[in-house]
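Worksheet for the structure shown next.
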Amino acid sequence: MVGAGLSGAVIGRTLAEAGHDITIVDTRDHIGGNCHTERDTATGVLVHVYGPHIFHTDDAGVWDYVTSFVAFKPYTNRVKTTARGQVFSLPVNLHTINQFFGKTMRPEEARAFIAETQADTSIDTPQTFEEQALKFVGPDLYETFFKGYTMKQWGCHPSELPASILKRLPLRFNYDDNYFSHRFQGMPEHGYTDLIARILDHPSIAVHLDTRFDRSKAGEYDHVFYSGPLDGFFDYELGQLGYRTLDFERFTHDGDYQGCAVMNYGDADVPYTRITEHKHFAPWESHDASVCYREFSRACGPDDIPYYPIRQVKEKALLADYVKLAETTENTTFVGRLGTYRYLDMDVTIREALDTAQGYLDALENRRPIPTFCKSPL
């Protein structure tokens, strides 16, 4: 297993329980990948080192899997945004709409108000992020809550982004401010690193940190599951796939800095996209001081941590070339967010890891070829 994050841990554990000996390598000095959490020694706050991760899923099997290793505490993600000198609730809901327009509308009134006075009905089939937003929420809500934030997050104008990025209309005509709508939501009581450590706790699993994968030694193993960057596996010989990365400006505060876990900043002239206050991600704990991150998004350089795959036309063309190259590689399966160049939530990552491991076992039993990808990156 190349990578000691969720993909490597879940596949490794599943195969270890089936009788295989597992070696996991990771270039970092800790397990958990970008889900890594650790205690801040000065404040005692459990910090999401690479940015916050909130577990939410409708997949009962995945929920049963993670809760079989550690206890999860209830957690509801309630996001706020500062825009135009006010604080609003996200996703855009009935309270946001009434506050923004200075009204006291009921759900039916608000729905009609948006459809009849705000939405751009001249847009039939939205092609871009901007058109998608204008068609459903109109220019005022778009300019305030989506445009500036999106420009900072993606580094380009929303008119250059595909409509698919705004997959579901983030607009609610009730007062529900739960950011997610999944049945199962929560946080591992002692953090994600504790969860992954429990998954890796098996006598047939050996973990080697501060260790770079050497492709020339892949033949020493029956099979390689690679969760690093797909283009990195091939030493970027066809070029680098595009990502956005994040910079964190960490600061501490004596007390409660912002009163919530996540405060977005929708105005384009504020350089950061949001501030996260990490003690609020564990509301069952009590801490006097606080650890906060200001979050900045920018283009990913060669030495940066890749976060969000861009997946626009140019990147998809290069991705197709790398997929062809990967399919010529023997005894290797590419997994996870980086290995398949797709943005994956944690629950999807775990589900695909479980399916990948089972697919491997089935292929061995039935003497079939082992897939290069559990799910095609294309």
Query raised in the report: GNM on the chain, C-alpha springs below 10 Å: top fluctuator among ASP321, ASP176, ASP267?
Result: ASP321
Requested in this report: Mind checking the full-extension length gain between LYS103 and GLU237? Use 0.36 nm per residue of separation minus the Cα-Cα distance, one decimal, nm.
Outcome: 42.5 nm
Query raised in the report: So which trypsin sites (Lys or Arg not before Pro) in the range 144-227 are both in a DSSP loop and have at most 16 other Cβ atoms within 10 Å of their Cβ?
Result: LYS167, ARG168, ARG183, ARG212
Report task. Compute the longest continuous run of the chain that contains no exposed GluC sites (Glu not before Pro); treat a site as exposed when its DSSP state is not H, G, I, E or B and it has at most 16 other Cβ atoms within 10 Å. Result -> 1-188
Query raised in the report: R0 = 45 Å: FRET efficiency of GLU220 with ALA289, Cβ-based, nearest 0.05?
Result: 0.40
Query - Alpha-carbon radius of gyration plus Dmax, which is the widest Cα pair, for the range 234-378 in Å - result: 20.1, 61
Query raised in the report: Where the centroid of each part is defined by its Cα atoms, how far is the range 306-378 from the range 40-104 in Å?
Result: 29 Å
Requested in this report: Set the Förster radius R0 to 41 Å, insert the Cβ-Cβ distance between ARG84 and ALA18 as r into 1/(1 + (r/R0)^6), and round the FRET efficiency to 0.05.
Outcome: 0.15
Requested in this report: Can you bin the range 92-165 into rounded, prolate or oblate? Criterion: square roots of the alpha carbon gyration tensor eigenvalues sorted a ≥ b ≥ c, rounded for a/c under 1.5, prolate for a/b above b/c, oblate for the rest.
Outcome: oblate
Query raised in the report: Pick from ARG311, ARG106, ARG13: which residue has the top mean-square fluctuation in a GNM of the chain where Cα pairs under 10 Å get a spring?
Result: ARG106
Query raised in the report: Measuring from centroid to centroid over Cα atoms, what is the spacing of the range 200-220 and the range 130-161 in Å?
Result: 44 Å
Query raised in the report: To the nearest 500 deg cm²/dmol, what mean residue ellipticity at 222 nm is calculated for the chain from DSSP H runs of n ≥ 4 alone, each contributing -39,500 (n - 2.57), summed and divided by the residues?
Result: -8000 deg cm²/dmol
**Report entry** Across LYS152/LYS314; LYS217/LYS324; LYS152/LYS324; LYS73/LYS375; LYS147/LYS279, pairs whose alpha-carbon gap is larger than 25 Å
**Finding:** LYS152/LYS324; LYS73/LYS375; LYS147/LYS279
Query raised in the report: Could you give the nm distance between label points at GLU365 and ALA206, where each point is 7 Å from its Cα heading toward the beta carbon?
Result: 2.8 nm
**Report entry** Difference of contour (0.36 nm per residue) and Cα-Cα distance, LEU318 to ASP124
**Finding:** 66.7 nm
Report summary line: Here the FRET efficiency for ASP303 versus THR329, based on Cβ atoms and R0 = 25 Å and rounded to 0.05, is 0.50
Query raised in the report: Which length gain, in nm to one decimal place, applies between ALA268 and ARG28 when the Cα-Cα distance is subtracted from 0.36 nm times their residue separation?
Result: 83.0 nm
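Coordinate-derived values only; no laboratory data. Every value quoted in this text rests on a predicted model; they were computed, and no experiment measured them. Note: ideal-geometry Cβ built from the backbone for every residue, glycine included; neighbour counts use all protein chains shown.
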